[in-house]
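A.B. asks: Have a look at this one before I ask anything.
The values are calculated or read from the model by the stated rules, or taken from the named source; none is laboratory data. As the structure is a computational prediction, the values presented were derived from the model and not from experiment. Here Cβ is always computed from backbone atoms with ideal geometry, including for glycine, and neighbour counts include all displayed protein chains. These accessible areas exclude ligands, DNA and RNA; they are computed on the full protein's heavy atoms, side chains included. Shrake-Rupley method; radii C 1.70, N 1.55, O 1.52, S 1.80 Å.
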Amino acid sequence: MVEVATPRTRSWSTPYVAVLRSRIRAQRSYRLSFASEVVSAFVVGLVELAEVWLIFRTARILGGLDLDAALLLFGLSHSSFALSQVLFGHLDNLPALIRLGQLDAYHLRPQPLLLQLITSDISLRRFARASVSIVALGVGLVRNDIAWETSTVTLLTLTILGGIALFGGMFVCAAGLQFYLIDGSELTNSFTYGGSFAATQPASVFPTPMKLLFGFAIPVSFTAYLPTLALLRLPGPPLLPAWLAWLTPAAALWVWLLALVLWRSGTRHYQGGGG
């Protein structure tokens, strides 16, 4: 008697998971190359951490924060950005896809374009950079005098998840603008990667225009600076009181609203690669 094989259950996520598995297998196939990329990303993370240590070793107190508080600030901002980069960082390749006409192939598939691009790749080496920032975050949480309550854990969870979403929205904003700029990725990188750098700094040292820019227009202060103030129970400078840290999900929602508007406008503007 011949047994009939039961067909596998397929869900909407099956093709996306298959693509991600293939990308992970491809990266692991070239082990020496993969190992060198992991080491390089790890060293980059260490250098970024060393920058913070050098600044606060000299200045001692900057913007009302000492070295221990700066480790917390660095850990929160870089953990969110590095994990967001794992999920969304390859959207930086969109200008090359447009120039080479390869984006047209994505339009032929019956799945949302943005979701296809997000799930088209995953760079495992970026976990190495994230590991440095997660260790720094752990050290910052231990060395600072933090009152561990339910609200503290809730705020940390909201901060990490909101930060990943906020930086992810910034990558989508930059991708939406590529349909107009094509070779202007340096301009958009100044907001994504520049925003990441600004998030590691105490916003209290910024002049008022920059506080408004990084506090509300590109609200990266919500990913680390404001939560750091709230965790350490510091009052915060004018315009950026510590209680705003609880509005990190709202800041991420604002960035994603802007990102989806830019993405929709960009894809409507796209006329094809000419192939």
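A.B. asks: Working from Cα positions, state the angle (0 to 90°, nearest 10) between the long axis of helix 248-269 and the longest principal axis of the chain.
C.D. replies: Helix 248-269 sits at roughly 40 degrees to that axis.
A.B. asks: Next question, about the same structure. Suppose the chain between residue 157 and residue 17 were pulled fully straight at 0.36 nm per residue; how much longer would it get relative to their current alpha carbon spacing?
C.D. replies: Stretched fully, the residue 157-residue 17 segment lengthens by 47.8 nm.
A.B. asks: I would also like to ask the following. Between the helical axis of 14-29 and the dominant principal axis of the chain, each derived from Cα atoms, what acute angle in degrees is found, rounded to the nearest 10?
C.D. replies: 80 degrees
A.B. asks: For the full complex of protein chains and a 1.4 angstrom probe, list 210, 170 by accessible area with the highest value first.
C.D. replies: Accessible-area ranking of 210, 170, largest first: 210, 170.
A.B. asks: For a quick check, take a GNM of the chain with Cα springs below 10 Å and name the residue from 76, 177, 97 with the largest mean-square fluctuation.
C.D. replies: 97
A.B. asks: Considering only the other residues whose Cβ falls under 14 Å of the Cβ of residue 78, what net charge follows from Lys and Arg at +1 and Asp and Glu at -1? Provide the component values of the computation, followed by the final result.
C.D. replies: Details: positive: 126, 129; negative: 48, 51.
That works out to 0.
A.B. asks: Let me cross-check residue 148: its accessible surface, 1.4 Å probe, with only protein heavy atoms counted, in Å² to the nearest 10?
C.D. replies: 140 Å²
A.B. asks: Next up: How far is helix 150-181 tilted, in degrees, relative to the longest principal axis of the Cα atoms in the chain, given as a value from 0 to 90 rounded to the nearest 10?
C.D. replies: That works out to roughly 50 degrees.
A.B. asks: Then there's this: With only Lys, Arg, Asp and Glu charged, each at its Cβ (+1 for the first two, -1 for the last two), find how big the charge dipole of segment 11-145 is about the Cα centre; round to the nearest 20 debye.
C.D. replies: Taking the Cα centre of segment 11-145 as origin, the dipole is about 520 debye.
A.B. asks: Per DSSP H run of at least 4 residues, take -39500 (n - 2.57); add these up for the chain, divide by its residues and hand me the 222 nm value, nearest 500 deg cm²/dmol. All intermediate terms of the calculation are to be shown ahead of the outcome.
C.D. replies: Values: 12 runs with 184 residues, N = 275.
Calculated at 222 nm, the ellipticity per residue is -22000 deg cm²/dmol.
A.B. asks: Against the 2.2 N^0.38 Å scaling, with N counting residues, where does the chain land? I'd like the Cα-based Rg ratio to two decimal places.
C.D. replies: Scaled against compact globular proteins, the figure is 1.12.
A.B. asks: Sticking with the crude label model, points 7 Å out along Cα→Cβ, report the distance from residue 55 to residue 111 in nm, one decimal please.
C.D. replies: With each label placed 7 Å out from Cα toward Cβ, I get 3.9 nm.
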